[in-house]
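Following: one structure in structure tokens, then a few remarks.
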Amino acid sequence: MRGADEAHIRHRLRSPRAPDTQQNDMGPYSHEKLKYSDSPSYYILSLLFIYSSCIIFAIFAADSNFPTPKNISNQNLKDGVFIEERARTKLVHLASFGPKPTGSYENEVLAVDFLKRTLIDIKYRAHSSHNITVEVQQVSGSFPLDFKERMTSIYAHLQNVIAVLEPREKPSHDAMLVNCHFDTVPWSPGAGDDLASCAVMLEVFEVLATSSKPLKNSIIFLFNGGEENFLQASHGFITQHPWASRIKAVVNLDACGAGGRELVFQAGPNSSWLVETYAGSVPHPFASSVAQDIFESGVIPGETDFRIFRDFGRIPGLDIANIHNGYVYHTSNDIPEHITPKSLQRAGNNILALVKAIGNSDTLQDQQGPDKSQKMVYFDFLGLFMVVYSINWAYLLCIGGLALMTFTFFNDMKASNLSRIQYVLQVLLADAILIVAYLGSKTITLVMGILLDLFGCSMSWYSRPILIWPLYIFPSLGFSIFILRSFSFLHSKDIPKNSTLMGIYLHASNFLWSALLLLLVFLELRSSYIPTLFIIFPSLFSIIRSPRWSTIQNLTMYLLLHAIPAICFLSICLNGFVLFVPIAGRMSATLNPEIIITILTSITVSAFVLHLMPVLQHVDGALVRKIGIGLTCCGLVTMILVLLTPLGFPYSADLAHPSQQRFIIIHSQRKWHDLMGGLKNQDAGYWLLHLDRHNPDSMMNILPGMHTAQHLSRQECFEKLSCGMPYYFPSYNVLRTWTWLPASDPVIHDPIKMKPVSKEVISRSPLLVNWTFHVSGPDHMTMVLSPEEGIHIQNWSFPDPPYPSTIEYKRRPTYFLYYSWGAKRHPLTFSLTLKISTKSSTLPENFRGFVYLEEREEDLKRKEVDEVELVESSLHVGSRGQRDGWSIGDQEGQHDTLIVLRFLIPSRRIGASLGVPRGSLAQVVHVPLSATLRRLFWGPTRECLIRGCSAAPTTTSSRFITHVQERESRMPPRPEERRWQVTPSLAFPGLASPHSSGVPMSLRVLQRGEGGSGESELRLVTARWGDSRVDVIFFDAHNLLSRSPLQVLLHRK
């Protein structure tokens, strides 16, 4: 018998199905005897692949889920339906005016007139059950703004177009506000930011006004004309308009892109009912409290009018913005063509449903609700529904999740065949391995990013975001799983393989998530729901799994439960890439964007690994390591291709999907005055602000003189006030790298004139002196004040007390004043009360002191030098739009030193030459000639020619072109002082690169109109770079009037 038993044992040991060698128990359920061959590795890997593909497909499907756009020809349209075609007509009309900076004719006359006429037309067609009031408000005021490095914002005669819709029979004093802004930055038509929102509001207003069912509450539609002026127009409305006291809720519409889904990224204060109303009313919800945490942290550079309504109006509300296609944000490519009909229809459906729900809400009257001090946690699930709860409930869920995790941990530990100490040690070891894997994957991607940056190949993913997958995500994921399975040998040999390790890594992941959860709760962040989900659902799996299920069944249940937190988290990560990739093109040259992308990548991959690592314990370790090595090698190969091939070129001039490099080039003149007001020093040149990582290297072989240009250092900021540069808003820390390219003086037709009006000694002890000044100039001016040592600005004439900037100059406080005027020219008169504790004996080294410059011939000679109180000031001409519009180098029209040039760089390795003649500014288009000819007919054609807006977008709609021409023919003549005055003295000589073989071309523009006839010639140089041809236009505008029809003829020389 003994020999038979030994033979039987030897046979069992040789058998591949021996239960003692291939046992596959379910961790604590050690009595379950599953065979390893029942769950082969390739089955599990196939399951993981299907699972990951389904999640990614679901996320992308939700992101592309849009309703069918409605048009007027639809036969079955019901009353109260948002019609995209009507909204688009309004959008195209507003965009056809071109750029509309505050103070420009396009903004203050054309846009205001169009909005007013449209609203009045709707008023006349409205149903009799509504009472409608339309008015145009002009506002003036000032306020402190903690934006960037702080400033005091001052404005005069800015315009708001306002319409109120209220029930006629039972008028309601309580109202909600819907806000958009129709002004734009000086170089952009602003279709996405923010004309699309204004078009949606106009259509919503029309739908509600023509409906026979009035709302319970009043709706105020605010079209403000000064958001890009650092939120000035909305401040004027909320602090000065009599209707402001009626507002109980606000919905602010803005954008940092064009098209796509609109995201609710801010809510508050006291806004639980608003978020709940949004969740219960809109057909396509898209909201995230994680986005609110990120935005409030200051990571995203920008602000919206929501801040003004929240801080100055104390009004609860929702902040909604489009984040898709941030490449066109604040560029000349922000045109209606980039806003798809489905996107506009979706926004209209959501806003219309939201306005109806709030307009009929009884809660609107209860602004001081019981949830006054509570934050709200909110998020959507694939756009199907929303989850909303208060921060107090978040704390309860946190406690519940931790309790559930603790219960399952002790339950599994008790059911395992390990002692308590052994089980805890194995879980802690698994945590250490997970942390090492995360640090390792983060290190390898960080090293790759640094190497790409060192070799000048950063931002290779800028125009191809999908490149992030093979470049960073694959190697990060591969290196993580390689380390995890490579260190598996450290676990005790007493642990049953596969399934028990799965339970250990499940609890190890829970411990890491719980640590993150406690940190987020301590910081009172709304993002705590993410780790809560990743704790609750795995813990539920530990409870509901059954010993009767096979390994595949248990793994399937595990993945199904993890799908909910995985979808929520990966959706956030995807939108993070959508948002931050375009921002990399304007975030400053000092920041390495590869670092940000690697951080996003590591966060995404770490969450993926944490919840998939327990499953990988059932896969053969050697196979997992091979997969890890393959994914890592994929990343290394991609990096080599980026370094050695045109795959690494980051930009694209594709007009359908532009991702151009951004530049800010300011033609500026600088003057320094001594104490007596005499000119001490002066120079002029182009101030080049570096916006992305490739500046200024990408311009070295493009701009003439860049190799001898002065690359300024931080020392300039210590030696000169405002760094000696014309900052038009305080952004010294963000835009802290720049280049000064010497050039001839710009032509400034409306220079700043600052004149002291009076001086009054208020007190002798302490010595208080009040100065009054009169400043005149263009519609945008900035002033930086810095009192000398021993002198303090105790008070000034603005309503708020002196608000120092966070930037000091020579260890002295500085004050940044931003001033603009809109519909009417309005010089600024203000006074300063200086407290003088000591006599200042130092001479001003920068710009002019506050002395009697206008009267220095008489009065100043009678003064003693030591009796002049010194406050150094930096005066900047910062016009963004004039009565005569924006011009480049014209001799008669208004000229701005704040000229921002944009141009596209084609998608190839070698860039084309850009000619910028000394003393003038020319803009260059690197696009085919046919596209350039089409651009000449975009919008107000004469503005493109005279302003040099050669980067203007195109349109393929002949009906739109006809509409623009008809509109211009019906347009009343501008006043004589607003007419374009262009002399024939402009010549922009083409600059041929030494590497190009030029084929000269010419374009003749014939003009006939009320000012007579004339002719202009546009000289064209076709440069050839390798296999790519680039057409560069230089033009000579000759006797063109603003409203003259143009005929374009092409001639080859």
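Would you mention how many residues in region 135-161 are surrounded by 20 or more Cβ atoms within 10 Å (Cβ to Cβ) and assigned to a strand (DSSP E or B)?
14
Mind checking which residues of region 402-417 are assigned to a helix (DSSP H, G or I) and either more than 17 Å from Ser509 (Cβ to Cβ) or not aliphatic (A, V, I, L, M) (or both)?
Answer for region 402-417, where residues must be assigned to a helix (DSSP H, G or I) and either more than 17 Å from Ser509 (Cβ to Cβ) or not aliphatic (A, V, I, L, M) (or both): Ala403, Thr406, Phe407, Thr408, Phe409, Phe410, Asn411, Asp412, Lys414, Ala415.
Ser460: among the polar types (S, T, N, Q) and part of a helix (DSSP H, G or I), yes or no?
Criteria not met by Ser460.
Among the numbered conditions (1) charged (D, E, K, R); (2) under 14 Å from Tyr732 (Cβ atoms); (3) at pLDDT 85 or above, tell me where Asp800 comes up short.
It is condition (2) that Asp800 fails.
How many residues, within region 759-789, are in contact (Cβ under 8 Å) with a residue 40 or more places away in the chain and surrounded by fewer than 16 Cβ atoms within 10 Å (Cβ to Cβ)?
Summing the residues that are in contact (Cβ under 8 Å) with a residue 40 or more places away in the chain and surrounded by fewer than 16 Cβ atoms within 10 Å (Cβ to Cβ) in region 759-789 gives 5.
For Ala244, are the conditions met, namely being surrounded by 22 or more Cβ atoms within 10 Å (Cβ to Cβ) and either among the aliphatic types (A, V, I, L, M) or more than 30 Å from His157 (Cβ to Cβ) (or both)?
It is false that Ala244 is surrounded by 22 or more Cβ atoms within 10 Å (Cβ to Cβ) and either among the aliphatic types (A, V, I, L, M) or more than 30 Å from His157 (Cβ to Cβ) (or both).
Tell me which residues, restricted to region 426-455, are under 22 Å from Gly648 (Cα atoms) and either of a type in the set (A, V, I, L, M, F, W, C) or touching a Lys or Arg at 6+ places or on another chain (Cβ under 9 Å) (or both).
Ile444, Leu446, Val447, Met448, Ile450, Leu451, Leu452, Asp453, Leu454, Phe455, listed by residue number.
Given the criterion more than 25 Å from Leu533 (Cβ to Cβ) and either in the same structural domain as Ile483 (by TED's automatic domain parsing) or in contact with an Asp or Glu (Cβ under 8 Å, 6 or more places away or on another chain) (or both), identify the matching residue among Asn417, Asn349, Asn325, Asn333.
When all the criteria are applied, what remains is Asn417.
State all residues of region 644-694 that are part of a strand (DSSP E or B) and free of Cβ contacts under 8 Å to residues at least 60 places away in the same chain; if no residue qualifies, say none.
Once the filter is applied, which keeps residues that are part of a strand (DSSP E or B) and free of Cβ contacts under 8 Å to residues at least 60 places away in the same chain, region 644-694 yields Arg670, Leu679, Lys680, Asn681, Gln682, Asp683, Gly685, Trp687, Leu688, Leu689.
Regarding region 464-480, can at least one residue be identified that is at pLDDT 90 or above and either outside any helix (DSSP H, G or I) or touching a strand residue (DSSP E or B) at 6+ places or on another chain (Cβ under 7 Å) (or both)?
Yes; the residues of region 464-480 include at least one that is at pLDDT 90 or above and either outside any helix (DSSP H, G or I) or touching a strand residue (DSSP E or B) at 6+ places or on another chain (Cβ under 7 Å) (or both).
Residues in region 748-784 that are in a loop (DSSP other than H, G, I, E, B) and closer than 30 Å to Lys148 by Cβ: how many?
8
Tell me whether region 153-162 contains one or more residues that are of a type in the set (Val, Ile, Thr), assigned by TED's automatic domain parsing to the domain that holds Thr304, under 27 Å from Glu262 (Cα atoms) and in contact with a Leu (Cβ under 8 Å, 6 or more places away or on another chain).
No: zero hits.
Based on this model, can you work out whether Glu789 counts as among the acidic types (Asp, Glu) and not in a loop (DSSP other than H, G, I, E, B)?
Considered against the rule, which asks whether it is among the acidic types (Asp, Glu) and not in a loop (DSSP other than H, G, I, E, B), Glu789 comes out as no.
Between residues in region 621-636 that are surrounded by fewer than 16 Cβ atoms within 10 Å (Cβ to Cβ) and residues that are of a type in the set (Phe, Trp, Tyr), which pairs lie under 8 Å by C-beta distance while being six or more apart or on different chains?
From region 621-636, the pairs are Ile629/Phe482.
Being buried (at least 18 other Cβ atoms within 10 Å of the Cβ) and farther than 19 Å from Pro465 by Cα, is that true of even one residue in region 641-663?
Yes, there is a match, as at least one residue in region 641-663 is buried (at least 18 other Cβ atoms within 10 Å of the Cβ) and farther than 19 Å from Pro465 by Cα.
From Lys123, Lys116, which residue is part of a helix (DSSP H, G or I) and under 30 Å from Pro778 (Cα atoms)?
Only one candidate qualifies: Lys116.
With the structure loaded, tell me whether Tyr529 is surrounded by 19 or more Cβ atoms within 10 Å (Cβ to Cβ), more than 21 Å from Leu484 (Cα to Cα), aromatic (Phe, Trp, Tyr) and in the same structural domain as Met613 (by TED's automatic domain parsing) or whether it fails that test.
Here the answer is yes, as Tyr529 does meet what is asked.
Here is a list: Thr210, Thr152. Which entry is under 30 Å from the mean Cα position of the chain (by Cα), β-branched (Val, Ile, Thr) and modelled with pLDDT under 95?
Matching residue, one of Thr210, Thr152: Thr152.
Consider region 69-91. How many of its residues are more than 23 Å from the chain's Cα centre (by Cα) and closer than 25 Å to Asp334 by Cβ?
Residues that pass the stated criteria total 12.
Looking for whichever is without any contact (Cβ under 8 Å) to a residue 60 or more places away in the chain and either surrounded by fewer than 19 Cβ atoms within 10 Å (Cβ to Cβ) or of a type outside the set (Gly, Ala, Ser) (or both) here; the options are Asp121, Asp79. Which one fits?
Only one candidate qualifies: Asp121.
Among the residues of region 419-435 satisfying the criterion of being surrounded by 15 or more Cβ atoms within 10 Å (Cβ to Cβ) and closer than 30 Å to Thr601 by Cβ, which is nearest to the chain's Cα centre (by Cα)?
Taking the candidates together, the pick is Leu434.
Going by the conditions given, is Trp513 touching a helix residue (DSSP H, G or I) at 6+ places or on another chain (Cβ under 9 Å), in a loop (DSSP other than H, G, I, E, B), assigned by TED's automatic domain parsing to the domain that holds Gly630 and crowded, with 16+ Cβ neighbours inside 10 Å?
No.
In the list Ala589, Ala584, Ala563, which residue meets the criterion of being in a loop (DSSP other than H, G, I, E, B) and not polar (S, T, N, Q)?
None of the others qualify; the one that does is Ala589.
What's the total number of residues in region 695-722 that are in a helix (DSSP H, G or I) and in contact (Cβ under 8 Å) with a residue 12 or more places away in the chain?
9
For residues in region 418-456 being part of a helix (DSSP H, G or I) and among the polar types (S, T, N, Q), which is farthest from Leu647 (Cα to Cα)?
Step by step, filter region 418-456, then rank; the result is Gln422.
The values are calculated or read from the model by the stated rules, or taken from the named source; none is laboratory data. This is a predicted model, so every value here is computed, not measured. A quick note on method: Cβ atoms are made from the backbone with ideal geometry, for glycine too, and the neighbour counts reach across all protein chains shown.
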